[in-house]
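Contents: one structure, followed by commentary.
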Amino acid sequence: MREKEIKQFEEIQSKEKAKEMYKEWLKKKNTEDLQKKKDEKEKEKLREAELQEKKEKSERMFKEWLQNSKNKPRPASAGYAYVNGKLATYPDGNAYPAPAFYNPIPWKPIPVPPPKEEKYVSVKKNKRPLSSHTHRSSSVLFQKSRSNIYLGSLHRLHK
């Protein structure tokens, strides 16, 4: 009996100890989670602050550019313009002005050498009529069975 009571008492103590350890672990886990959330919020605030700063800087730069562009002199509109590739003489501020740069060397096509004329030498072909023997041999090939594939080449070798 005494041993059973001791075992039960030890089991109860171990369960209580396990509960305490679990509670400690849970507290640590919760504090870690809170710390992570705080870090994420801080990072998000930093990102938003950087974005806000970038927006302010870009707006400031745009306003400066806008003020400077008003003061810049504009080119005088020419009394002529190029319309459809032809020179037209009328005052139009929206038309394209004369080009500021042009190539002084006109475009030249790439020189291609003329094709060489080949001398055609007439070669006399043998105009002898085919012998009847060769003609017959080809006709013989077609008449023989087709099961023997090498029949034609063997026939030519025997000649």
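Where a number appears in this text, it was derived from the coordinates with a stated rule and is not lab data. This one's a predicted model, so the numbers in the text were calculated from it and none came from an experiment. Cβ sites come from the backbone with ideal geometry, for glycine too, and all protein chains shown count toward neighbours.
Once you place label points 7 Å from the Cα toward the Cβ at Arg74 and Glu42, how far apart are they in nm?
With each label placed 7 Å out from Cα toward Cβ, I get 5.4 nm.
Just subtract the alpha-carbon distance of Thr31 and Met1 from 0.36 nm times their residue separation and send over the number in nm, one decimal.
Result: 6.3 nm gained on full extension.
At a Förster distance of 35 Å, what's the computed FRET efficiency of Ala100 paired with Glu53, Cβ-Cβ distance as r, to 0.05?
Efficiency, from the Cβ-Cβ distance: 0.30.
Please compute the length gained on full extension between Lys116 and Glu16, using 0.36 nm multiplied by the number of residues separating them and subtracting their Cα-Cα distance.
Taking 0.36 nm per residue and subtracting the Cα distance, the gain is 25.3 nm.
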